[in-house]
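Okay, structure first, notes after.
The values are calculated or read from the model by the stated rules, or taken from the named source; none is laboratory data. Everything numeric in this text was worked out from a predicted model, so none of it was measured. Reconstructed Cβ throughout: ideal geometry from the backbone, glycine too, with neighbour counts over all protein chains shown. Just the protein is used for accessible areas: all its heavy atoms, side chains included, with ligands, DNA and RNA removed. Shrake-Rupley method; radii C 1.70, N 1.55, O 1.52, S 1.80 Å.
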Amino acid sequence: MAPTVLGKRPVHGLEKVREHLLTSLHLGKLRPGDRVLSVRRLADMTGMNRKTVHRAYRVLVREGFLDARPGAGTFVAPGAGPGSPEHREDDLLLAVNRCRAEAHGLGLSPSAFADFAHNALNGGLEGLPLCVVECNREQIDMISRDVKAGLKANPRPFLLSEFVNDPQGALAGAWGVVTTDCHRAEVERAARTVGAPVYRVALDPEFPQKILRWARTRPVVLCVHDERFGSVFLRFLGQLGASGEVLARVRPVTPARLRAELRAAGDDAVLLVSPLAEREAGGRIPVGIRPTGAHWRLAEGTIERLRASISFDVASRREGHA
C-alpha cells in the first residue's frame, strides 16, 4: 500500500556521510585524490555509529565516489569533485549510481529504478487512470484539471458519496485515488476494501487568502457551479481564522442567484466566477461588472510530489509482479 503523504524521509547514515563529504568538497576542504577521515574519526565527529560509517564508505566505494587503497586508506575518487568539463560524464554516472543506491535502499531493483525514472521523467504516467474524489464538483474539477495537465494522467471524477457507496466500481481499472486531507480518512477506508493506494494533494493557500483580503473591506460574490462548494469553502475560511464579519461578506452563489446577489452586494463587490460556471453565468452579469477568474489550483510542488509518489508505487508494483 502506498503512503498517502509524502513526508521528508529520515536521513540515513549513507546520506549523512555523503552530505559531509560533498560539503567538504564544495568548501574546498577536500579535493579529488585527498584522503578522507578514518571511520573512527568521522564517527566521533558526527556522532554516528562506526559500523554505520564503515557501511557508508563501502557503498560509496562501490558507487565510485570513494577509492579504497588497501594499506593506505580511503580517498576521494578522481571524478568526484565539482565537475570540470572533462569529468562531466563521470559526474553524471556517479549521480546515477548514487540514485540507484538510494533506490536499492528503498527496495527497488535496478530495473525497477529505471521504471521509476521513466515514469517520473519521461511521461510514463500518461493516460494512467486515477480517481479524483471530493465532496463537490468545483474541487473535483480543479484537481482533475491540474492532474491531467501536470501528469497527463486520466482523471476520473467522483463525488465522495458515490465513491464511498461503490469503491469497487469506481476503482475498476484505475490505479488509485487522489483527494485532499478534508476527506482523506473516508476515502482511505473505502479504498482499503479494494487495496488501492490513496494520494493526498494540497490546495494553493493564496486563493482563499486573496478572498479574505478583499472580504475585510467589501463583499465578495463567488459564482460556482456546485452549491455544495459554498458551505465547504466558508468552513475552510473559518478554519483560516476569518471572523464572522468577514465570512458574512463572502457570498458563494450559483448562476441562477447571481444577478440578485450582485444587486444586494452593491457596486463595490468583487465578482469571481468559477470556470465551471462561466458559460451559465455570462448572461447574468450586469454591464459594467468585470468578473475575475476563480480557479483554485493545487499548491506549488504538489504535482511533482504526486508524480514521484505514483511513479515509485507503479515501479514497486511492477517489480512485485515481475
Which is out of contact with any strand residue (DSSP E or B) (no Cβ under 7 Å at 6 or more places or on another chain), open to solvent by 20 Å² or more (accessible area, probe 1.4 Å) and at pLDDT below 95, of 189, 235, 184? 235
Among (1) open to solvent by 60 Å² or more (accessible area, probe 1.4 Å); (2) touching a Cys at 6+ places or on another chain (Cβ under 7 Å), there is one condition residue 268 misses while meeting the rest; what is its number? (2)
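Could you go through segment 312-321 and let me know if any residue there is farther than 22 Å from residue 220 by Cα, aliphatic (A, V, I, L, M) and either open to solvent by less than 70 Å² (accessible area, probe 1.4 Å) or in a helix (DSSP H, G or I) (or both).
yes
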Mind telling me which of the residues 151, 159 ends up being touching a Lys or Arg at 6+ places or on another chain (Cβ under 9 Å) and modelled with pLDDT under 95? 151
From the set of residues in segment 214-231 that are more than 27 Å from the chain's Cα centre (by Cα) and basic (Lys, Arg), which is farthest from residue 291 (Cα to Cα)? 216
Where the second residue is open to solvent by 70 Å² or more (accessible area, probe 1.4 Å) and the first is under 24 Å from residue 209 (Cβ atoms) and lies in segment 281-302, which pairs have Cβ atoms under 7 Å and are six or more apart or on separate chains? 299/205
Got a sec? Which of 242, 308, 260, 256 is open to solvent by 60 Å² or more (accessible area, probe 1.4 Å), modelled with pLDDT of 90 or more and of a type in the set (A, V, I, L, M)? 256
Hits in segment 119-134 - residues which are open to solvent by 30 Å² or more (accessible area, probe 1.4 Å) and either free of Cβ contacts under 8 Å to residues at least 24 places away in the same chain or within 16 Å of residue 203 (Cβ to Cβ) (or both): 121, 122
